[in-house]
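Single-structure report; data block below.
Derivation of every value follows stated rules applied to the coordinates shown; laboratory data play no part. Bear in mind the structure is a predicted one, so any value in this text is a computation, not a measurement. Neighbour counts run over all protein chains shown; Cβ positions are idealised from the backbone, glycine included.
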Amino acid sequence: MQINPRQLEAFRKVMVTGSMTMAAELLEVSQPAVSRLIKDLEKALSIRLFRREGNRLIPGAEAQRLFREVDRFYQGLEQVERVAQDLKSVRIGTLRIASISALGLGFLSEGIRRFTAAHPQVAISLEVRPSLGVLELTAMNHVDIGYVGFMGAEYPGVDVFPHPSVAAVCVLPRGHALARKKTVKITDLQGENLISLHDNSPLRMRVEMALSSAGVSCTRSIETTFAHSACSMVASGLGVTVADPFTAAYLRDPAIICRPLVPTVPYTFSMVLPSHQQRSKVLSDFIAVMKGLFAEKMPQ
C-alpha cells in the first residue's frame, strides 16, 4: 500500500491537535474517516504510530520523528501559498520574524508596534522558538529575520549579526532583604536559593562562572528551561534568579523586583538573516526600528 497525501495530512492534524475528533473537524470529515486514514498509514509504514491511554492519544517515538519531517514539508507548502497570495493581492510587503522567548514575549511587540505605525499595510508574523528552531527557520528562508541567543559557532545558511551584550539582572521577591539594596553583589547571593536555567543555557554558565570566581555557594533546588518560568517562581517566593533584562521587564509583576548585579553578568544575543537573500526595504525599515529601540531601552 502506498502512502498518500491525505494520510499524511490527517496524521499531521492528529499530531497538532492530539485528537482524532478535532482533526476530523479541521479536515471536515468524520472521525471514523480520520481513524481509517491513520490505520492505513500505519499499515503502509508497518509501524504503530499511536497508542491509547483512556481518552488520550499518545504518539510514539516513530510518530514524533515522522511528524518533524511531515511538518517541515507542509510548512514549505504553506509558505508557497503565502507567497502566491501576496502576489495575487499585490501586497505592499510581508515581514516574517522568529525569536527566542526573551525578546519574543514582549520586547519585539514594542518594535512591531512602532513599525506598523509607519507600515500599516505590511502583514507580520512572529514565531517564538528556541534558538535552534529560529536558526532552522531562518536557514530555510521561512522567516526574514530572527533573534537568537548566544552562538558559539556558525550556522549554515544564516548570516549572524551579534548585538552588543546587555547586563543580566538579579530578580528578587519584593519582600526579600536584598531588595533594599540598589545593586546586588554576587557575594550577596551566598546561601540563597538560586533558581537556575537549564544546563545548556549560556547565561547560566556565565552566572556559574561568576559565582565560582567569587567563591559563592548557592542552594540550587529548582531549575527551569525558560527565564519567564524562573521569574514566575521568584514571584511565588521560591527563591531568587538571574535573568535577561528583556524577560524581567516584560513580566512587570508587582511581586518581584529587579536589581543590577555586580560584577556585571553579560547576556548576549544576535540578529540572524537568511544567507544570499536580498534585503527588502520592509526588512531594512524593521531592522532600523529595532536598532533604535535597543539603543533607547537597552543603552550600553
- Item | Anchor Lys297: aspartates and glutamates whose Cα lies under 20 Å away (excluding residues fewer than 8 positions away in-chain) | Glu110, Asp244, Asp253, Asp285
- For segment 5-70, build the charge dipole from Cβ charges (+1 Lys, Arg; -1 Asp, Glu) around the Cα centre, then report which of Ile47, Leu37, Ala23 sits farthest towards its positive end. Ile47
- Query: Which Rg and Dmax, in Å, describe the Cα atoms of segment 166-267?
  - Reply: 11.8, 32
- Query: In a shell of Cβ-Cβ distance under 14 Å around Arg206, excluding Arg206 itself, what net charge do Lys and Arg (+1) and Asp and Glu (-1) give?
  - Reply: -2
- Cα-Cα P(r), segment 5-70, percent of pairs per 10 Å interval: 23, 62, 16
- Query: Once label points are set 7 Å from the Cα along Cα→Cβ at both Glu28 and Gln121, what is their separation, rounded to one decimal in nm?
  - Reply: 3.1
- Here the averaged projected area of segment 17-120, based on the convex hull of its alpha-carbon atoms and given in nm², is 10.0
- Query: Restricting attention to segment 120-211, which trypsin sites (Lys or Arg not before Pro) occupy a DSSP loop and are surrounded by at most 10 other Cβ atoms within 10 Å?
  - Reply: Lys182
- Based only on Cα atoms, what Rg/Rh ratio does segment 124-183 have, Rh being taken as Kirkwood's radius? 1.19
- Task: Compute the whole-percent fraction of alpha carbon pairs in the chain spaced more than 29 Å apart.
- Result: 51
- Query: By what distance, in whole Å, do the Cα atoms of segment 244-294 stretch along each of the three principal axes, largest value first?
  - Reply: 45, 24, 16
- Amide H contacts of Ala167 (H built 1.01 Å from N, under 5 Å, at least 5 apart or other chain): Tyr267
- Angle in degrees between helix 281-297 and the longest Cα principal axis of the chain, rounded to the nearest 10: 30
- Query: Give me the log10 of I(q) over I(0) for segment 60-219 at q = 0.10, 0.17, 0.21 Å⁻¹, as the Debye formula computes it from C-alpha points; what are the numbers?
  - Reply: -0.57, -1.13, -1.41
